[in-house]
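Below is one structure; the comments refer to it alone.
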Amino acid sequence: MSDKAARFDPFSSSAPLIVYIDFKSPYAYLAKDPSWALGDEFGIEIDWRPFTLDIPSYLGSARLHKDGSVAESQRTETQWKTVKAAYSDVRRYGSMRKLIVRGTTKIWDSSLAGIGMLWAKAQGKAVLHRYIGITYERFWKRELDIEDIAVVEAVLGAAGAPTREFRQYATGAGRALHDEIQTKSFDAGIFGVPTYIVGGEMFFGREHLPRIRWILGGKRGTPPDVAYEGGESPLTGSQIRNPLVVAIDFASPRSYLAIRPTCALADRLGIEVDFEPMVIESKPPKPASRSDDRGLRHRAIRAEYVARDLARYLADRGILGRDLKRQTESTAAAIALLWLNREAKPLARRFVETIFERYWRNELKLEDENALRHVLEEINAPTDGYHSFIKEGGRRSLAEVRARLENAGVLDVPSYLVGDEVFLGREHLPLIQDRLVSA
């Protein structure tokens with residue numbers, strides 16, 4: 001092992017921004033250009049690092065025929081739905097930039113391409129930039145075998161890097177450095193790509209680029225929320241779609257964080273929001289130890305990061321110290337929303353905003369039927385028959401709504417339904433605005 005590898009620190013760099021990527025990740029592919037642009041905007045160096053994903057350990061494995069049919073699979077139905085939703089998401093954002101993203105026919109070992117990136121990085125920014133660009137573009141057109149050292153050499157040469165000693169580096173110091181990066185980064189809590197390290201903070205996903213820009217700019221003004229690209233359509237409006245359907249769970253911190261920007265979008269466009277309740281049942285993974293397999297460790301590390309990330313954005317709203325691992329039963333609140341959707345739909349938004357704020361500020365319990373009824377009375381909603389609805393048809397109606405949402409492709413909350421498209425997460429609101437404005 002080289003001295004350089006021994007000194008590797010996953011969270012430390014002479015550059016103000018660290019970016020971890022993997023060439024087999026379409027999400028990292030979409031992140032590379034806005035990340036480069038951010039570096040150019042601030043005139044800073046970016047420390048690009050390879051993080052080779054072990055996808056089978058947490059998302060199963062599969063191999064496809066060239067026509068896209070499944071040749072062999074070790075994935076559950078849920079894992080397949082997750083993968084398909086991810087590719088659908090990537091393709092729609094890729095099309096905005098005219099990027100071709102063809103799904104891979106197998107799970108590639110991208111470590112050699114990562115070692116090539118380390119070699120290119122040693123040749124300077126311009127060579128690294130070209131190497132990353134060529135590799136991503138050709139790989140996602142299915143024109144590049146990133147497991148073939150001769151192919152990686154050819155890309156290095158095209159990027160302007162010397163290649164005479166690359167093979168020795170790839171099996172010696174380069175492999176040692178790559179493997180050291182993987183081990184130390186994973187042990188430090190890095191589990192996916194793109195991952196950004198700025199100011200000692202870790203951010204997973206390009207939706208955090210507005211926040212990263214804010215940090216690099218000296219944290220001036222209000223910290224921005226997560227957001228993907230979009231929001232460029234003029235709000236002129238005769239063809240705005242109405243309403244916007246949003247699946248929520250009152251116990252979900254992601255749903256709570258989505259309510260304010262969602263309602264703000266609706267107000268800008270002058271549209272209604274059709275809130276649909278969907279109770280999400282989830283069990284937090286047990287804390288993992290180093291003796292566990294990588295899949296268990298991955299899930300535990302991801303869950304710990306997600307909790308930290310949610311706490312970061314909840315703090316922006318003044319919500320501090322909430323135990324995000326505690327599971328709350330939200331069925332009663334969901335049924336109350338169904339009642340309103342049936343009996344007094346114009347009051348549903350006010351109910352949703354009130355329940356979310358009071359619950360997340362510890363002023364209301366979601367399972368307290370008397371407290372929920374009090375909110376209904378407070379907003380002048382009808383309550384005759386409400387008690388019977390809770391006892392008789394409420395749970396059946398909730399199950400029917402869940403089945404309808406799942407059939408439409410909703411996997412989690414908050415999810416937005418625009419036409420036949422499903423968007424998971426408030427980070428899509430800029431693009432959702434574009435979809436709503438352009439019929």
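Brief remarks follow.
- Filter pass, residue 373 being modelled with pLDDT of 95 or more, buried (at least 16 other Cβ atoms within 10 Å of the Cβ) and of a type in the set (D, E, K, R): yes
- Only helices (runs of 4 or more DSSP H) whose full extent lies in the range 333-422 are considered here, and the ones with at least 2 residues that are of a type in the set (D, E, K, R) and more than 30 Å from residue 81 (Cα to Cα) are 348-360, 369-378.
- Test: residue 234 is surrounded by fewer than 20 Cβ atoms within 10 Å (Cβ to Cβ), in contact (Cβ under 8 Å) with a residue 40 or more places away in the chain and closer than 27 Å to residue 325 by Cβ: no
- So residue 258, is it under 22 Å from residue 368 (Cα atoms), in contact with a helix residue (DSSP H, G or I) (Cβ under 9 Å, 6 or more places away or on another chain) and touching a residue at least 40 places away in the same chain (Cβ under 8 Å): no
- Residue match in the range 285-295 (condition: modelled with pLDDT of 95 or more and hydrophobic (A, V, I, L, M, F, W, C)): no
- Output for the range 277-305, where each listed residue is in a helix (DSSP H, G or I), over 30 Å from residue 400 (Cα atoms) and either free of Cβ contacts under 8 Å to residues at least 24 places away in the same chain or in the same structural domain as residue 406 (by TED's automatic domain parsing) (or both): 296, 300
- Restricting attention to the range 218-268 and to residues that are assigned to a loop (DSSP other than H, G, I, E, B) and hydroxyl-bearing (Ser, Thr, Tyr), the residue that is modelled with the lowest pLDDT turns out to be 238.
- Number of the condition not met by residue 110 [criteria: (1) of a type in the set (Gly, Ala, Ser); (2) farther than 13 Å from residue 159 by Cα; (3) surrounded by fewer than 21 Cβ atoms within 10 Å (Cβ to Cβ)]: (3)
- Residue 329 among the acidic types (Asp, Glu), farther than 25 Å from residue 224 by Cα and either part of a loop (DSSP other than H, G, I, E, B) or at pLDDT below 95 (or both): yes
- Any pair with Cβ under 6 angstrom, 6 or more apart, that starts in the range 7-34 at a residue that is free of Cβ contacts under 8 Å to residues at least 40 places away in the same chain and ends at one that is of a type outside the set (Val, Ile, Thr): 15/45; 15/47
The values are calculated or read from the model by the stated rules, or taken from the named source; none is laboratory data. The shown structure was predicted, so the numbers you read here are calculated from the model rather than taken from an experiment. Glycine also receives a Cβ, built like all others from the backbone with ideal geometry; neighbour counts cover every protein chain displayed.
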